[in-house]
Every structure is written in C-alpha cells, then in structure tokens.
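Visitor: Here you go, one structure.
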Amino acid sequence: QKEVEQDPGPLSVPEGAIVSLNCTYSNSAFQYFMWYRQYSRKGPELLMYTYSSGNKEDGRFTAQVDKSSKYISLFIRDSQPSDSATYLCAMKWNNAGNMLTFGGGTRLMVKP
Amino acid sequence: KAGVTQTPRYLIKTRGQQVTLSCSPISGHRSVSWYQQTPGQGLQFLFEYFSETQRNKGNFPGRFSGRQFSNSRSEMNVSTLELGDSALYLCASSPRGGAGEKLFFGSGTQLSVL
C-alpha cells in the first residue's frame, strides 16, 4: 500500500461544476500538505499549501485537511475547461526539507 | 523572475550509457531537489541539495547521483542506463528548503532509454 493514495480518475465534469479531489494517507507524521496542477508535458504547478488541519481558500480553490482522518481535499468552484489537468496531492513531515511524498494524481477533464 | 530551467528538454539514450541532466534554480534559491515521474510509480523523490551538500536522499540505486555547484545550479547523473530509467526528470527549487517554503518545479527533462 502506498503512503499517499489518490483516485487516478479520469474525472469528467461539465463546465461550471464544483470539483472535489481527495487524497488519503497513512503516515501521521505528515504536517504540510500541498496540491499541484500538472498540464501535459509540463512540470507541476503549486496551487495550495496548508499546514496541519483546517481549511484554506484562494479564489476558486479551497483546500481542506483533516489530520484525524488522514484525509485531504481540494475543491474547485465554477470549474473551467482550462482546469483540465492532472491534480497531484503532496505532503511532507517537519524537517523534511523538500522531500515530498506525492499521490499518483487525478486526471480532471472539464467539458465546455 | 525566471523560473526553474532544465536542460535538455528531451533526451534519447541507449541501455548502458550514462546521462547528465542540468538544472538552474530560481534566482536566490539555494535548495534544489530532483524527482522522477513515471506512469507506473508517479512522482518519486530522488535527492535534495542545499549549499552544495546532499541533504536528503530517496530510495534509488547508487546509479543515480547528483551535485550542486556554488551558484546553486545542479546536475544529476544516471550511469549504466536501464530501460526502466525512462521517465520525466523534474528539478525543483526553494529558498532554503525550510518547513513552510513552497517548492517550484521546472518543466522537466524527458529521458527515453532504448
């Protein structure tokens, strides 16, 4: 079993829908949680960065972390075709430098 | 501000050869990390360098090595290439690799081993 599990999708939604992406993890030492977006043939782009449990909102994006359940989520409101990409969750423990553990990624397709 | 720059963009090698990939971090960033991305295993951490010293290392064989120069630029080397080394190799940088810092990725080098 991988340390970080993520449904690979693909997830197909109509434009304007609310998208929910999720990851579960097994290592309770993880303290920092990130969501990256990756377009084809590009490097991952950081979308959200949160520390410990709680919610964080940035524009159309909301990240939630529930450490008691070892579960993190990313919500995308008013989804656009330009949001079509692979979404990767990542996490690290304290004093890990930049050693991130990634989920396998969820491919999202937003149809006009 | 320029982003993380990786060269070359694409590379084709044959089994048994060695390869060197290059990464220039964002100006002012001193922590450089390398990741391997494959369809089967996803994104996996290779190693991290800070101030020319390897700070963290992932679970990869010794054929994978790296180094960092005094200007923070980094190279990674893979010796005795295997077919399974075909992957997108991503470089990422941050100011110091500190706990709350954000990690920025380059576009990667796509390596194909024939």
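Visitor: How many partner chain Cβ atoms sit within 10 Å of a residue's Cβ in peptide A:41-49, on average, as a whole number? Before the final figure, lay out the partial values.
Guide: Details: counts 6, 6, 14, 10, 3, 5, 0, 0, 4.
Per-residue shielding by partner chains comes out at 5.
Visitor: Rounded to whole Å and ordered largest first, report the semi-axes of the equivalent ellipsoid of chain B derived from its Cα gyration tensor (root of 5λ). Display every interim value, and only then the final one.
Guide: Numbers: eigenvalues 105, 38, 34 Å².
Semi-axes, largest first: 23, 14, 13 Å.
Visitor: Continuing with the same structure: Using label points projected 7 Å from each Cα along Cα→Cβ, tell me how many nm separate residue B:102 and residue A:93, to one decimal.
Guide: About 2.7 nm, to one decimal.
Visitor: Mind listing the Cα extents of region A:35-78 along all three principal axes, in Å, largest one first?
Guide: Principal-axis extents of region A:35-78 (Cα, largest first): 36, 22, 14 Å.
Visitor: To continue, here is another question. Any idea what the dipole of the protein assembly as shown comes to, in debye rounded to 20, about its Cα centre with Lys/Arg Cβ at +1 and Asp/Glu Cβ at -1? Working shown, then result.
Guide: Values: 24 positive and 16 negative charges, 91 e Å.
Its charge dipole is roughly 440 debye.
Visitor: Would you mind giving the mean number of other chain beta-carbons within 10 Å of the Cβ of each residue in B:81-90, as a whole number? List each step's numbers first, then the result.
Guide: Values: counts 0, 0, 0, 0, 0, 0, 0, 4, 0, 4.
Whole-number average of other-chain Cβ neighbours for B:81-90 is 1.
Visitor: Which FRET efficiency, nearest 0.05, do residue B:110 and residue B:14 yield, Cβ-Cβ r, R0 22 Å? Kindly include the intermediate steps, with their values, before the conclusion.
Guide: Working: r = 16 Å, r/R0 = 0.72.
Taking R0 as 22 Å, the efficiency between residue B:110 and residue B:14 is 0.90.
Visitor: I would also like to ask the following. How far is it, in nm, from the label point at residue B:86 to the one at residue B:7 when both lie 7 Å from their Cα along the line to the Cβ?
Guide: Distance between label points: 2.7 nm.
Visitor: Right, another one. How much FRET efficiency would the formula 1/(1 + (r/R0)^6) give for residue B:27 and residue A:78, where r is the Cβ-Cβ distance and R0 is 25 Å, rounded to 0.05? Walk me through the numbers on the way to the answer.
Guide: On the way: r = 35 Å, r/R0 = 1.40.
With a Förster radius of 25 Å, E is 0.10.
Visitor: Using a 10 Å cut-off around each Cβ of peptide B:47-56, what is the average number of partner chain Cβ atoms that fall inside? Please report the intermediate quantities before stating the final value.
Guide: Working: counts 2, 5, 2, 2, 0, 0, 0, 0, 4, 5.
Average neighbour count from other chains, rounded to a whole number: 2.
Visitor: For a footprinting-style exposure proxy, rank A:34, A:109 by other Cβ within 10 Å, fewest first.
Guide: On the way: A:34 22, A:109 14.
Ordered from fewest to most neighbouring Cβ atoms within 10 Å, A:34, A:109 come out as A:109, A:34.
Visitor: Sorted from fewest to most neighbouring beta carbons within 10 Å, what does the list B:93, B:65 look like?
Guide: Numbers: B:93 28, B:65 17.
Going from least to most buried by this count: B:65, B:93.
Visitor: Evaluate the distance, in nm, between pseudo-label points positioned 7 Å from the Cα of residue A:22 and of residue B:60 along their respective Cα→Cβ axes.
Guide: It is 3.3 nm.
Visitor: Only Lys, Arg, Asp and Glu count, each charged at its Cβ (+1, +1, -1, -1), so figure out the dipole size of chain B about its Cα centre, rounded to 20 debye.
Guide: Details: 12 positive and 6 negative charges, 34 e Å.
Here chain B has a charge dipole of around 160 debye.
Visitor: Okay, moving on. Projected onto the charge dipole of the protein assembly as shown (+1 at Lys/Arg Cβ, -1 at Asp/Glu Cβ, origin at the Cα centre), which of A:88, A:109, B:32 gives the Cα projection farthest towards the positive end?
Guide: Looking along the dipole axis, the top candidate is B:32.
Visitor: Could you estimate the translational diffusion coefficient of chain A from the Stokes-Einstein equation, with Rh from the Kirkwood formula over C-alpha pairs, at 10 °C and 1.306 mPa s, in whole µm²/s? The partial results should precede the final answer.
Guide: Values: Rh = 14.1 Å.
Translational D for this selection: 113 µm²/s.
Visitor: Quick one: putting +1 on the C-beta of Lys and Arg, -1 on the C-beta of Asp and Glu, what dipole do you get for region A:28-112 around its Cα centre, in Debye to the nearest 20?
Guide: Values: 11 positive and 6 negative charges, 45 e Å.
Roughly 220 debye for region A:28-112.
Visitor: Build a GNM of chain A with springs between Cα atoms under 10 Å: which of A:27, A:55, A:98 gets the top mean-square fluctuation?
Guide: Of A:27, A:55, A:98, the most mobile in the Gaussian network model is A:98.
Visitor: In whole percent, what relative contact order does region B:1-107 give with Cα contacts below 8 Å and a gap of six or more residues? Provide the component values of the computation, followed by the final result.
Guide: On the way: 243 pairs, mean separation 36.7, N = 107.
Relative contact order for region B:1-107 comes out at 34 percent.
Visitor: In what order do A:39, B:10, A:32 fall by count of nearby beta-carbon atoms within 10 Å, going from fewest to most?
Guide: Working: A:39 13, B:10 10, A:32 19.
By the 10 Å Cβ count, ascending: B:10, A:39, A:32.
Visitor: Taking Rh as the Kirkwood radius computed over C-alpha pairs, what is the Stokes-Einstein D of the protein assembly as shown at 10 °C in a medium of viscosity 1.306 mPa s, expressed in µm² per second?
Guide: On the way: Rh = 18.0 Å.
For these conditions, the coefficient is 88 µm²/s.
Visitor: Moving on. What are the residues whose amide H is under 5 Å from the amide H of residue B:56, where those residues sit 5 or more places off or on another chain and H is modelled from the backbone?
Guide: Long-range HN contacts for residue B:56: B:48.
Read the figures in this text as sums done on the coordinates, not as results from a lab. Treat the numbers as computed from the prediction; the structure is a model and nothing was measured. With ideal geometry, Cβ positions are generated from the backbone for all residues, glycine too; neighbour counts draw on all protein chains shown.
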